[in-house]
Each structure stands twice: as structure tokens, then as C-alpha cells.
Amino acid sequence: MKIYLFLFLFRLPFFISQTIYISPKTICQICDGTFFNPYRSLKEALASINSTQATIILFDGVYQGSNNTEITISQNNLKMTGFNFIFLCNY
């Protein structure tokens, strides 16, 4: 029983969808792709994918430079969407 549970937990990250955040305006020193420490570039985000399904959320900004242009995306089950901070404000 314990062996099966260990094997299941070892394989668990491959079944979970991963969410990665990117912002060209980030000021974090150690970026890990989380909401509060987003990666600086699309290339960093793509390199960090470690699950079978991933969502990349792009914060507002201008994505330019070699780490954000002319990139080939080969991952399957990848979703990309934009995020606008205006939705967090109460009017």
C-alpha cells in the first residue's frame, strides 16, 4: 500500500495544471513565475514548464527582445492569456 501511494505522489505533478506568470516590468530579484514574482520573459516561462498542461498569464507590458520574440513553442496543452490589473480595482 505504501509503495503505491509513493508512486502516485511521485507522478502527481504530471497530472496537475501549472500556472506561470510573466511581466516585462517585474522588479523581483529571484523570479519563480508566481503571481508576486513573475518571470521576465516568455522564454523563461516556457523553460520552466514541468507538467502536461500549463497556462501562461501575461501581465500588461511590452514584450520585446530576444527572450520574447522569434520563439518556437512546442508544448502541447499550453494556454496563454493576458491579465489586466484594472480588474483588481474597485470603482
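Can you tell me how many residues in region 43-57 are closer than 14 Å to Phe83 by Cβ and crowded, with 20+ Cβ neighbours inside 10 Å?
Residues meeting the conditions: 2.
Across region 34-86, what is the total count of residues that are assigned to a loop (DSSP other than H, G, I, E, B), modelled with pLDDT of 90 or more and of a type in the set (Ser, Thr, Tyr)?
Qualifying residue count for the region: 6.
Considering only residues that are in contact with a Lys or Arg (Cβ under 9 Å, 6 or more places away or on another chain) and of a type in the set (Gly, Ala, Ser), look in region 18-62 and name the one that is nearest to Ser74 (Cα to Cα).
Out of the qualifying residues, it is Ala54.
Name the residues in region 1-25 that are modelled with pLDDT of 90 or more and either at positive phi or part of a loop (DSSP other than H, G, I, E, B) (or both), would you?
Scanning region 1-25 gives Ser23, Pro24, Lys25.
The values are calculated or read from the model by the stated rules, or taken from the named source; none is laboratory data. These numbers come from a predicted model, not from an experiment. In this analysis, Cβ positions are derived from the backbone assuming ideal geometry, glycine residues included, and neighbour counts consider all displayed protein chains.
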